[in-house]
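Participant: Got a structure for you, written out below as structure tokens; questions coming shortly.
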Amino acid sequence: MKIAFEGHACFQLTGADGFTILLDPYISGNAAAVKKTADFKPQLILVSHGHGDHLGDALEIAKASGATLAGAADLWPALPTAGLNTIGFNMGGSIYIGGAQIIMTAAWHGSNVNGAYAGLACGYIIQMEGKTIYFAGDTALFGDMSTVLGRYGIDYALLPIGDYYTMGPDDAVTAAHWLRAKNVIPMHYNTFPVIKQEVQAFKAALEAKTESRCLILQPGEEIEAV
Ligand code: NI
Ligand code: MN
């Protein structure tokens, strides 16, 4: 499986068989994105919550690609999804698609679409091709990272470090420790002035204080999950 970072909190996971999951596709409004929305042809789009920097271009990409949209059951009624395939599930629930198991996890954060109720923000555990990816979405640090999420054997934790809207770098170090994540890919920083962070300082602190390895990806960069 390949993990591509597309800027801000957008990632694409591509299986050996070509099955592609796009996460939080904030592309057209994102100055850090190097690709265009038309470059994405996923089979599945996972959305963590309704904020514009996460929902992003999900509907447009789903329309163009035929991808299934999956997210919180209360998110889709807030959106014009007529004609699109949507899966609305909820915390603790799993979906099985394209050989992957995706579990919706809690996140401490808000959600709305243009001021309308859009359910709760969430994260995802994605088990695919023998690897376990934790996509935290937007969240504060929370104790269940150690108990509930720490059970999964996380190979790659995709964690926000920007502060202000989410946990900052110090709490992300604690999150990595509690999650017992083998690798951490920082996200949700530097896109806006209020979430500017020194990512190299985060990497140094993470690797000094935890067993986790920090992988800093530039937008458009892709790695092979090992
Ligand atoms: Ni948000
Ligand atoms: Mn956000």
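Computed from the coordinates by the stated procedures, all read-outs in this text should not be read as laboratory data. Note that the structure is a prediction, hence the values are computed from the model and not measured. Reconstructed Cβ throughout: ideal geometry from the backbone, glycine too, with neighbour counts over all protein chains shown.
Participant: Looking at the calculated P(r) for the range 2-224, what percent of the C-alpha pair distances fall above 26 Å?
Facilitator: Cα-Cα pairs of the range 2-224 separated by over 26 Å account for 28 percent.
Participant: Rank ASN90, ASN114, ASN190 by mean-square fluctuation in a GNM of the chain with C-alpha springs under 10 angstrom and give only the top-ranked residue.
Facilitator: The residue that fluctuates most here is ASN114.
Participant: While we're looking at this one, here's another question. Using Cα-Cα distances under 8 Å and only pairs 6 or more residues apart, what relative contact order does the range 2-224 have, in percent?
Facilitator: 17
Participant: Once you put a point 7 Å from the Cα of VAL199 and another 7 Å from the Cα of ALA31, both along the Cβ direction, what distance in nm separates them?
Facilitator: Going from the VAL199 label point to the ALA31 one covers 1.6 nm.
Participant: Name the residue, out of ILE102, ILE87, ILE45, whose mean-square fluctuation peaks in a Gaussian network model built on the chain with Cα pairs under 10 Å.
Facilitator: Sorting by GNM fluctuation, first place goes to ILE87.
Participant: Sequence-distant or interchain residues sharing an amide H contact under 5 Å with CYS214, placed H: which?
Facilitator: Those lying under 5 Å, H to H, from CYS214 are VAL184.
Participant: Are there trypsin sites (Lys or Arg not before Pro) in the range 35-84 that DSSP marks as loop and that have at most 12 other Cβ atoms within 10 Å, and which are they?
Facilitator: Answer by residue number: LYS36.
Participant: Can you work out ³J(HN,Hα) from phi for every residue in the range 121-129, in order, using Karplus 6.51 cos²θ - 1.76 cosθ + 1.60 and θ = phi - 60°, giving whole Hz and x for Gly and Pro?
Facilitator: So the Karplus estimates, Gly and Pro as x, are 5, 8, x, 9, 9, 10, 10, 8, 6 Hz.
Participant: Charges at C-beta only: +1 for Lys and Arg, -1 for Asp and Glu. How large is the resulting dipole of the range 1-94 about its Cα centre, in Debye rounded to 20?
Facilitator: So the dipole magnitude of the range 1-94 works out to roughly 180 debye.
Participant: Amide H neighbours of THR105 under 5 Å, counting only residues 5+ apart in sequence or on other chains, H built in-plane at 1.01 Å?
Facilitator: GLY92, GLY123, TYR124, ILE125
Participant: State, to one decimal in nm, how far the label point of VAL226 lies from the label point of ILE97, with both points 7 Å from Cα in the Cβ direction.
Facilitator: Placing both labels 7 Å along Cα→Cβ, they lie 3.1 nm apart.
Participant: Further question: In deg cm²/dmol and to the nearest 500, what is the mean residue ellipticity at 222 nm of the chain if only DSSP H runs of at least 4 residues count, each as -39500 (n - 2.57), divided by the residue total?
Facilitator: -4500 deg cm²/dmol
Participant: Another question about this same structure. With +1 assigned to the C-beta of every Lys and Arg and -1 to the C-beta of every Asp and Glu, and no other charges, what is the dipole magnitude of the chain about the Cα centre in debye, to the nearest 20?
Facilitator: Once rounded to the nearest 20, the dipole reads 200 debye.
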